[in-house]
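What follows is a single structure, written as structure tokens, with notes after it.
No value in this document is a laboratory result; all are computed from the given coordinates. The structure presented is a predicted model; accordingly, all values stated were derived computationally and were not measured. Cβ: placed from backbone, ideal geometry, glycine included. Neighbour counts: every protein chain shown.
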Amino acid sequence: MAMYIVADQCISCGDCEPLCPTSSIFEGKVVFEITKETCTECEGDHASPKCVEVCPIDDCILPLKKAS
Ligand code: SF4
Ligand code: SF4
């Protein structure tokens, strides 16, 4: 399970990046991105995804749907 950043919503404020416990957030070519292979949805570190908590934009960071 992982989260992803909706490119159309992200304003590249960078607030989420330093707070990720697994260092999964990085500044991509256009906006910030999440490495899905390492994002844990903060399981074991926080009660809920930290990036979602700090992001100033609603619905900017959403759960990645499992590829079928
Ligand atoms: S959910 Fe947690 S582990 Fe995943 S990117 Fe956000 S802060 Fe990092
Ligand atoms: S906190 Fe939200 S708007 Fe800011 S860089 Fe992260 S995803 Fe983008």
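Please enumerate the residues belonging to segment 13-37 that are among the polar types (S, T, N, Q) and more than 7 Å from ligand 1 (Cβ to nearest atom).
SER23, THR35
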- Item | Scan of segment 38-68 for residues that are of a type in the set (D, E, K, R), assigned to a loop (DSSP other than H, G, I, E, B) and either away from ligand 1 (no atom under 11 Å from the Cβ) or in contact with a Cys (Cβ under 6 Å, 6 or more places away or on another chain) (or both), ordered by number | ASP58, ASP59, LYS65, LYS66
- Filtering segment 44-68 down to residues that are more than 12 Å from the chain's Cα centre (by Cα), more than 11 Å from ligand 2 (Cβ to nearest atom) and farther than 10 Å from ALA2 by Cα yields GLY44, ASP45, HIS46, ALA47, ALA67, SER68
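Among the residues of segment 3-12, write down those that are more than 6 Å from ligand 1 (Cβ to nearest atom) and surrounded by 14 or more Cβ atoms within 10 Å (Cβ to Cβ).
To start, the set of residues in segment 3-12 that are more than 6 Å from ligand 1 (Cβ to nearest atom) comprises 4-12.
Correct list: TYR4, ILE5, GLN9, CYS10.
Of everything in segment 28-48 that's among the acidic types (Asp, Glu) and out of contact with any strand residue (DSSP E or B) (no Cβ under 8 Å at 6 or more places or on another chain), which residue is surrounded by the fewest Cβ atoms within 10 Å (Cβ to Cβ)? Before the answer, list the steps.
Here is the first cut: in segment 28-48, the residues among the acidic types (Asp, Glu) are 33, 37, 41, 43, 45.
From the residues that got through so far, the ones that are out of contact with any strand residue (DSSP E or B) (no Cβ under 8 Å at 6 or more places or on another chain) too are 37, 43, 45.
Values: GLU37: 8, GLU43: 13, ASP45: 12.
Looking at residues that are among the acidic types (Asp, Glu) and out of contact with any strand residue (DSSP E or B) (no Cβ under 8 Å at 6 or more places or on another chain), I get GLU37.
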